[in-house]
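Heads up: the structure comes next, in structure tokens.
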Amino acid sequence: MNLITAEGLSRSYGNTEALSKASFAIGEQRCIALLGPNGAGKTTTLSILAGLLEPTSGKLVMQAGLSTDRRHWMGFLPQHPAFFGWMTGRETMITAGRLCGLTAKEAAKRSEELLETAGLVEAANRRVSGYSGGMKQRLGLAQAVIHRPRLLLLDEPVSALDPIGRRDVLTMLDAWKREMTIVLSTHVLHDAEQVCDELILMNRGQVVMQGQMDELRRSAGQPFLRVAVEENEASSLWVEGLNRIPGILKIDGGKFDFHIHTDKIDSVREKVLRSALNEGVKLLAFEVSRTSLEQWFVEAVQQA
Amino acid sequence: MIGFNILLHKEWREALRSGKFIWLPAVFLLLGLAQPLTAKFMPDILASAGNLPEGTIIQIPIPKPGEVIAQTLSQFGTVGLLAICLAFMGTISAERRNGTAAWVLVKPVSLFAYVASKWVVQCFIVGFSFGLGFGGAWYYTYLLIGPPDTQAVLISAILYFCWLMFICTVTITASAWLRSPAAAAFVALGSSTVLQLLLGLFEDKLSWLPSGLNAAAMSTLTIGESPPWVGSIFVTIMFVAALMLVSVRGLRKMKG
Amino acid sequence: MDKSQLIMLLLPVIMIQIILMVTALTYLYRAKSVRGKKWIWALVIVFLNIVGSILFFAVGRRES
């Protein structure tokens with residue numbers, strides 16, 4: 001059962017259409033990436049989902065049985081999270097919790113838990129105005145889930161962060177995605193790949209496609225074998241003879257670390273491995289990889 | 001009004017920490033104390049300023065107590081009003097611009113609670129400041145000039161507070177609709193001026209305007225009798241209620 | 001009314017003025033950023049006293 005189904009959402013500002021007839025579904029307990037280049041309509045989509053913006057046309061259908069005011073079961077973190085700078089981190093958490101309808105006791109308890117998760121215990125009594133970008137982002141995430149929402153909406157949660165901040169945030173999301181549905185927007189495919197298991201690709205205000213990440217990966221490109229061997233005479237001979245194995249289309253890369261392209265990955269994998277063992281070649285790496293989604297992403301965006 | 005208590009608490013702490021609870025009362029108190037002092041010592045000040053030929057007799061009659069308090073009110077009506085408008089001109093627009101309004105409104109909070117929490121705290125600050133300033137003026141007038149008529153003073157205080165509350169509401173509403181805080185302050189000050197002008201022009205027909213409260217407070221103090229003001233109070237309350245709803249509409253418009 | 005009485009009456013006014021000025025200067029000192037230059041605001045607060053303090057509180061501060 002889907003939490004929210006969007007049917008033909010459109011939103012225009014004056015004459016420009018930021019979002020045009022977007023339809024997609026948000027299921028439960030998964031992490032969905034809204035992926036697309038800048039200006040694809042990701043922020044508009046999230047703002048509509050969050051109830052901060054009304055769509056010009058189209059509608060959202062909620063799961064039956066949930067409160068009609070979706071703010072009760074939804075958390076939202078905008079692209080540039082804003083806080084009251086004069087509040088401390090702890091006050092921000094407690095205020096957020098109380099506004100979401102928690103009792104004073106619950107709010108205090110949840111705040112401590114989440115400050116811990118966000119690594120902000122030491123900074124909890126400092127004013128938010130003195131927080132770094134990464135700390136604000138973690139605080140933003142923590143306060144967005146204080147009422148244990150069913151759905152967490154995040155607009156570009158990692159774009160503005162340095163690698164460490166990025167890792168911290170992705171770790172937090174990874175832990176939460178078992179408890180709630182997370183929808184995050186990003187223009188970086190790599191970030192989406194790291195935590196998300198579903199993808200909604202957007203471009204120029206339209207939903208290009210929606211699908212499971214691993215399905216996409218499977219259909220995105222042919223798998224290939226990556227092989228690395230120790231650098232010695234035997235390896236060298238073996239590599240030169242690899243061409244004779246049937247099914248191999250192309251070998252590229254370095255001499256001792258290369259990619260084998262094929263359309264029959266299963267049989268080729270077995271044959272290459274067998275021959276390496278027979279010849280006594282010392283393997284360093286042997287793996288099946290796929291062309292990254294990156295290529296596919298770029299192509300999909302260009303087509304649309 | 002879901003979230004009203006929490007938002008009220010938030011507005012309250014914000015007013016304390018941003019210093020509004022220090023400077024607004026200080027402004028009103030200074031204005032309130034300065035007026036009786038000026039009224040009392042103006043002749044001395046002029047005399048000691050020199051440049052007057054020997055033997056000039058300065059005859060500036062020291063005003064009556066009620067008049068001094070009325071003068072204080074007219075100070076409140078200029079500098080005080082400006083201070084109020086400047087203090088609250090960005091109350092909603094600034095939060096919308098920096099994103100904190102969105103922070104509040106993505107939580108299950110009613111828009112009316114958001115506006116009402118601001119209104120209550122601001123009216124309280126204004127009431128406290130005005131009370132302090134007016135009390136100071138009363139006390140100094142009593143000491144320096146003479147006892148004013150207690151009943152007139154109390155009635156005028158209530159009337160004038162309602163007028164200030166009205167301007168406060170206008171500021172909030174303007175701030176909900178206009179992006180620029182300066183524009184909001186301009187609208188609030190402008191509407192106060194226009195309302196007073198209208199009243200001045202059509203005194204007999206428009207005494208029910210909110211600015212009628214201001215005029216009634218003044219005349220209660222100066223001539224000891226007040227024109228009927230019950231109508232003004234009623235109209236002002238209606239205006240305040242309507243403006244609150246208009247503010248909520250302004251907030252909703254943000255969603256497009 | 002003699003001089004000492006007058007001073008007693010003026011004292012509260014001066015006190016408030018000082019409190020207002022000191023508060024404004026404290027906020028100015030602690031503010032991370034203000035509209036315009038800090039030293040200009042310091043001059044405004046000190047020399048325009050009450051009006052300067054009001055101006056600073058109303059428009060000089062930037063939300064952090």
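The values are calculated or read from the model by the stated rules, or taken from the named source; none is laboratory data. All values reported here derive from a predicted model rather than from experimental measurement. Counting neighbours? That spans all protein chains shown, and the Cβs are built from the backbone with ideal geometry, glycine included. Keep in mind that these areas ignore ligands, DNA and RNA; they rest on the heavy atoms of the full protein, side chains included. Shrake-Rupley method; radii C 1.70, N 1.55, O 1.52, S 1.80 Å.
The sole residue among A:Asp263, A:Asp257 that is under 20 Å from A:Arg218 (Cα atoms) and surrounded by fewer than 16 Cβ atoms within 10 Å (Cβ to Cβ) is A:Asp263. Residues of region B:83-97 that are hydroxyl-bearing (Ser, Thr, Tyr) and over 19 Å from the mean Cα position of the chain (by Cα): B:Ser93 alone. Taking every residue in region A:157-178 that is within 16 Å of A:Gln79 (Cα to Cα) and pairing it with any residue that is open to solvent by 20 Å² or more (accessible area, probe 1.4 Å) and among the β-branched types (Val, Ile, Thr), at least 6 positions away or on another chain, the pairs with Cβ-Cβ distances below 8 Å are A:Val158/A:Val188; A:Ser159/A:Val188.
Taking the conditions (1) within 13 Å of chain B (Cβ to nearest Cβ); (2) closer than 14 Å to C:Phe56 by Cβ; (3) of a type outside the set (Asp, Glu); (4) within 15 Å of the chain's Cα centre (by Cα) in turn, C:Lys38 satisfies each one other than (1). For region B:139-158, which residues satisfy the criterion of being hydrophobic (A, V, I, L, M, F, W, C), within 14 Å of chain C (Cβ to nearest Cβ) and surrounded by 17 or more Cβ atoms within 10 Å (Cβ to Cβ)? Correct list: B:Leu144, B:Ile145.
If B:Gly146 satisfies all but one of (1) under 15 Å from B:Ala70 (Cα atoms); (2) free of Cβ contacts under 8 Å to residues at least 12 places away in the same chain; (3) part of a loop (DSSP other than H, G, I, E, B), what's the number of the condition it fails? For B:Gly146, the failing item is (2). Restricting attention to region A:98-109, the residues that are assigned to a helix (DSSP H, G or I) and either surrounded by fewer than 19 Cβ atoms within 10 Å (Cβ to Cβ) or facing chain B (nearest Cβ under 8 Å) (or both) add up to 7.
Per the conditions (1) more than 29 Å from the chain's Cα centre (by Cα); (2) among the hydroxyl-bearing types (Ser, Thr, Tyr); (3) at the interface with chain B (Cβ under 7 Å from one of its Cβ atoms), the sole criterion not satisfied by A:Thr95 is (1).
In region A:48-64, of all residues being at the interface with chain B (Cβ under 10 Å from one of its Cβ atoms) and within 17 Å of A:Gln206 (Cβ to Cβ), the one that is nearest to the chain's Cα centre (by Cα) corresponds to A:Ile48.
Screening the candidates B:Val246, B:Val170 for the property of being within 19 Å of the chain's Cα centre (by Cα), under 20 Å from B:Arg97 (Cα atoms) and either in contact (Cβ under 8 Å) with a residue 24 or more places away in the chain or not in a helix (DSSP H, G or I) (or both) yields one hit, B:Val170. When you look at A:Leu173, is it of a type in the set (A, V, I, L, M) and within 21 Å of A:Ala25 (Cα to Cα), yes or no? Taking the combined requirement at face value, the residue satisfies it.
Checked across region A:143-154, the condition of being open to solvent by less than 60 Å² (accessible area, probe 1.4 Å), within 30 Å of C:Ala31 (Cα to Cα) and in the same structural domain as A:Met93 (by TED's automatic domain parsing) holds for at least one residue. Would you be able to say whether some residue in region A:148-159 is over 18 Å from the mean Cα position of the chain (by Cα) and at pLDDT 90 or above? Among the residues of region A:148-159, at least one is over 18 Å from the mean Cα position of the chain (by Cα) and at pLDDT 90 or above, which makes the answer yes.
If you check A:Glu193, A:Glu179, A:Glu198 for being at pLDDT 90 or above and either open to solvent by 10 Å² or more (accessible area, probe 1.4 Å) or not assigned by TED's automatic domain parsing to the domain that holds A:Gly36 (or both), only one passes: A:Glu198. Residues in region A:81-97: is at least one of a type in the set (D, E, K, R), at pLDDT 90 or above, open to solvent by 50 Å² or more (accessible area, probe 1.4 Å) and in the same structural domain as A:Val208 (by TED's automatic domain parsing)? Within region A:81-97, one or more residues are of a type in the set (D, E, K, R), at pLDDT 90 or above, open to solvent by 50 Å² or more (accessible area, probe 1.4 Å) and in the same structural domain as A:Val208 (by TED's automatic domain parsing). C:Ile18 falls short on exactly one of the conditions (1) within 11 Å of another protein chain (Cβ to nearest Cβ); (2) open to solvent by 60 Å² or more (accessible area, probe 1.4 Å); (3) under 19 Å from B:Leu82 (Cα atoms), and that condition is (3).
Yes/no matrix, rows are residues, columns are (1) in a helix (DSSP H, G or I); (2) more than 19 Å from B:Lys253 (Cβ to Cβ); (3) more than 9 Å from every other protein chain (Cβ to nearest Cβ):
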| position | (1), (2), (3) |
| --- | --- |
| B:Gly90 | no, no, no |
| B:Ala101 | yes, no, no |
| B:Val104 | yes, no, no |
| B:Pro108 | no, yes, no |
| B:Ala116 | yes, no, yes |
| B:Trp119 | yes, no, yes |
| B:Val126 | yes, yes, yes |
| B:Gly131 | yes, yes, yes |
| B:Phe134 | yes, yes, yes |
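For region A:122-139, how many residues meet the condition of being within 27 Å of the chain's Cα centre (by Cα) and either over 17 Å from A:Trp86 (Cβ atoms) or part of a loop (DSSP other than H, G, I, E, B) (or both)? Result for region A:122-139: 6.
For B:Pro181, the conditions (1) out of contact with any Leu (no Cβ under 6 Å at 6 or more places or on another chain); (2) open to solvent by less than 50 Å² (accessible area, probe 1.4 Å); (3) more than 14 Å from every other protein chain (Cβ to nearest Cβ); (4) within 25 Å of B:Leu8 (Cβ to Cβ) all hold with the exception of (3). What residue, of B:Ala26, B:Ala39, B:Ala15, is within 14 Å of chain A (Cβ to nearest Cβ) and small (Gly, Ala, Ser)? On inspection, the qualifying residue turns out to be B:Ala15. Assess whether A:Thr5 counts as being hydroxyl-bearing (Ser, Thr, Tyr), within 12 Å of chain B (Cβ to nearest Cβ) and either under 28 Å from A:Glu294 (Cα atoms) or over 18 Å from the mean Cα position of the chain (by Cα) (or both). Criteria not met by A:Thr5. Only one of the listed residues (C:Leu6, C:Leu43, C:Leu10) is modelled with pLDDT of 90 or more, outside any loop (DSSP other than H, G, I, E, B) and either more than 16 Å from the chain's Cα centre (by Cα) or surrounded by fewer than 15 Cβ atoms within 10 Å (Cβ to Cβ) (or both). That residue is C:Leu43. Among what's in region C:21-35 and is under 18 Å from B:Leu29 (Cβ atoms) and at the interface with chain B (Cβ under 8 Å from one of its Cβ atoms), pick the residue that is surrounded by the most Cβ atoms within 10 Å (Cβ to Cβ). Ranking the qualifying residues of region C:21-35, first place goes to C:Ala24.
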